[in-house]
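Chemist: Before anything else, here's the structure in question.
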Amino acid sequence: MHPQRVADPTERAGRDFIGLIDVNSFYVSAERVFDPKLRDRPVVVLSNNDGCCVALSKEAKALGIPMGEPWFKLAASAARLNLVAKSSNYELYGQMSDRFISVLLDCTPEVAQYSIDEAFVKVRGTMSELLSWAKMVKDRLWKHLGLPVCVGIGRAKVLAKLSNRAAKKLDHLGGVCVWESVPERHGEQLLSNLPVDEVWGIAGRMAKRFNAMGIETIQQLRDADPVMIRDRFNIVMMRLVLELRGVPCLPFEEATEIKDQLIFSRSFSEPVTTRATMEQVLGIYAQRASARLQKHHRQAKVVTVWAMTSHFNADGAHGPSVTIKLPSATADPVILTRAVKAILPKIHEGVRYARAGVVVTDLRKTGLEPTFDVFADAHEDRGIGPLIESIRTKLDQPAIGLGAAGLKTGPAWEMRREMRSPRYTTHWDELPVVHAV
């Protein structure tokens, strides 16, 4: 059920602002929506194959568990710490992200999703109106989805990001911060205490370069000469300086076009040792590449396929690869699936392959170059790729596929998710059950 539409702040007189709404510990919060027993307990969500911690609750952070900590180091002490681990449940997270954006669109018409758990919005109003609107959005997301969020608002995207971070870190703000409403003295004190690498887009070596110039805090970066910053770094850094001064320089909606290449690869939960299984692996990757190309209205002219054993393989390393130049650019799943089979003669039966991948390159816009009849495949005009994707969208990802990639039963080499919660929102047989007493 969608919430009722509220008054849109952009319809009233006032200045334009950018807001950033960010779900707190998104993966953990999505798990807690359907399993309240996880609330107030330390929870970690693990990466593919249940490898490392990729999301932590604040209770887990309070235990001193660092992001990226391998699970095998924590498993032995989990019971003593009352620590709960969950495998990544991408189906659940994707659905909750869609609902998150849907609620935001009911609160304001201009929403630009930045990541699975973050979105920028355009708002307009006085300081008091903005604060009221931010609190309303926060309350509405909690009431309708059970997701805790922080809301930051500023005159530019970098200030909105900074406000959001302040809302997360400073408890007395209650999860809401409008940068321009912060008393100047407090704002300056905060900027003088925050290191320069707290600025969105600055980290690692870039921060060290600023430090070498004597720019160690956000306040020092804001007050630096933007022209000098452009000359010493680049135009992107100059824009960050101007955004810190409240001058909007970054586009509200970032372009999400794919450019040079697409890569599909993954480590296997257990080694692939037969040519037939490798054919299935590469067929699935080729069809995922096809779906992504079609989504972005792109075609590929070159396909590279590779496989490799573990570096620790006692029987020696083996890493075959082939590159196929296609007769014409295409996103057709049949052609791409057929192309990746070129590596199969180089796959040795019995060798324990730990990883494989498909890379499509030489990308171009769909239809940019005409295909001569002699190079055209008759079935390309039948729209097989869009048809497969429409069925997958309506039913489920494993519902249909080409060749061995269409097997209903999940292959054994797929990533291990032994602690995955039910896929409450996408699979009929995993719907939550409610007992009324």
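The values are calculated or read from the model by the stated rules, or taken from the named source; none is laboratory data. Everything quoted here is computed from the prediction, not taken from an experiment. Reconstructed Cβ throughout: ideal geometry from the backbone, glycine too, with neighbour counts over all protein chains shown. Remember, those area values only see protein heavy atoms, side chains included, never the ligands or the DNA or RNA. Shrake-Rupley method; radii C 1.70, N 1.55, O 1.52, S 1.80 Å.
Chemist: I need the peptides 325-337, 116-128 ranked by packing, meaning the mean over residues of other C-beta atoms within 10 angstrom, with the highest value on top. Kindly include the intermediate steps, with their values, before the conclusion.
Modeler: Values: 325-337: 20.7, 116-128: 19.0.
Packing proxy ranking, top to bottom: 325-337, 116-128.
Chemist: Hey, another quick one. Leaving out ligands, DNA and RNA, and with a 1.4 Å probe, what % of the accessible surface on region 155-199 is carbon or sulfur?
Modeler: Values: 1070 of 2220 Å².
The nonpolar share, carbon plus sulfur, comes to 48 percent.
Chemist: Calculate for the chain the 222 nm mean residue ellipticity that helices alone would give, adding -39,500 (n - 2.57) per DSSP H run of length 4 or more and normalising by residue count, nearest 500 deg cm²/dmol. Can you show the working numbers first?
Modeler: On the way: 15 runs with 153 residues, N = 437.
Per the formula, -10500 deg cm²/dmol.
Chemist: A follow-up question, please. Which three extents, in angstrom, do the Cα atoms of region 1-156 have along their principal axes, listed largest first?
Modeler: The Cα atoms of region 1-156 stretch 59, 31, 24 Å along their principal axes.
Chemist: If you fit an axis through the alpha-carbon atoms of helix 275-295 and take the longest principal axis of the Cα set of the chain, what angle between them do you get, 0 to 90°, nearest 10?
Modeler: With rounding to tens, the tilt is 50 degrees.
Chemist: Can you list residues from other chains, or at least 5 along the same chain, whose modelled amide H is less than 5 Å from the amide H of CYS52?
Modeler: Placed amide hydrogens put SER47, TRP71 under 5 Å from CYS52.
Chemist: Quick one: net charge around ALA307, please, counting Lys, Arg +1 and Asp, Glu -1 for every other residue with C-beta under 9 Å from its C-beta.
Modeler: Numbers: positive: LYS346, ARG355; negative: none.
With Lys, Arg at +1 and Asp, Glu at -1, the neighbours total +2.
Chemist: Relative contact order (percent) for region 139-214, with alpha-carbon contacts under 8 angstrom and 6 or more residues of separation?
Modeler: Working: 71 pairs, mean separation 16.3, N = 76.
Here the relative contact order equals 21 percent.
Chemist: If you roll a 1.4 Å probe over region 317-363 with all protein chains in place, what percent of the accessible area is carbon or sulfur?
Modeler: 54
Chemist: Next up: Using the Karplus equation 6.51 cos²θ - 1.76 cosθ + 1.60 (θ = phi - 60°), what ³J(HN,Hα) coupling, rounded to whole Hz, does each residue of region 298-311 give in order, writing x for Gly and Pro?
Modeler: 10, 10, 10, 9, 10, 10, 10, 10, 8, 8, 7, 8, 5, 5
Chemist: Mind sorting out which of [x] 22.8, 73; [y] 24.8, 82; [z] 25.0, 72 is the real Rg and Dmax of the Cα atoms in Å computed from the coordinates?
Modeler: Step by step, Rg and Dmax of the Cα atoms in Å for this structure corresponds to label [z].
Chemist: Using θ = phi - 60° and the Karplus relation 6.51 cos²θ - 1.76 cosθ + 1.60, list the HN-Hα couplings for region 194-202 in order, rounded to whole Hz, with x at every Gly or Pro.
Modeler: In residue order, the calculated couplings are 8, x, 5, 6, 7, 6, 3, x, 10 Hz.
Chemist: If every alpha-carbon in region 59-101 counts as one equal scatterer, what log10 I(q)/I(0) does Debye give at q = 0.18, 0.21 1/Å?
Modeler: The Debye formula, applied to the Cα set alone, gives -0.67, -0.78.
Chemist: Sticking with this one: Could you list which residues have their amide H under 5 Å from that of SER310, counting only those 5 or more apart in sequence or on another chain, with H placed in the peptide plane?
Modeler: Here ALA354 satisfy the definition.
Chemist: Further, regarding this structure: Mind listing the phi-derived Karplus ³J(HN,Hα) values for region 38-51, rounded to whole Hz, using 6.51, -1.76 and 1.60 with θ = phi - 60°, and x for any glycine or proline?
Modeler: 7, 5, 6, 10, x, 10, 10, 10, 9, 6, 3, 6, 6, x
Chemist: Just to confirm, what accessible area per residue do you get for the chain at 1.4 Å probe, in whole Å²? Write out the running numbers ahead of the final one.
Modeler: Numbers: 23150 Å² over 437 residues.
For the chain, the solvent-accessible area averages 53 Å² per residue.
Chemist: Could you grab the relative contact order for the chain? Cα pairs under 8 Å, six or more apart, rounded to a whole percent. Intermediate values should be presented prior to the final figure.
Modeler: Working: 741 pairs, mean separation 67.8, N = 437.
The value is 16 percent.
Chemist: Enter the angle in degrees (range 0 to 90, nearest 10) between the Cα long axis of helix 157-169 and the first principal axis of the Cα atoms of the chain, meaning the one along which they spread out most.
Modeler: Between helix and principal axis, roughly 80 degrees.
Chemist: To the nearest 10 Å², what's ILE384's accessible area with a 1.4 Å probe?
Modeler: Rounded to the nearest 10, that gives 50 Å².
Chemist: Moving on to the next point. Picking from ALA30, ALA300, ALA78, which is most flexible by a Gaussian network model of the chain using Cα springs under 10 Å?
Modeler: Looking only at ALA30, ALA300, ALA78, the biggest GNM fluctuation is shown by ALA78.
Chemist: Using only Cα atoms, what Kirkwood radius does region 213-320 have, in angstroms?
Modeler: Values: mean 1/r = 0.0531 Å⁻¹.
About 18.8 Å, per the Kirkwood formula over Cα pairs.
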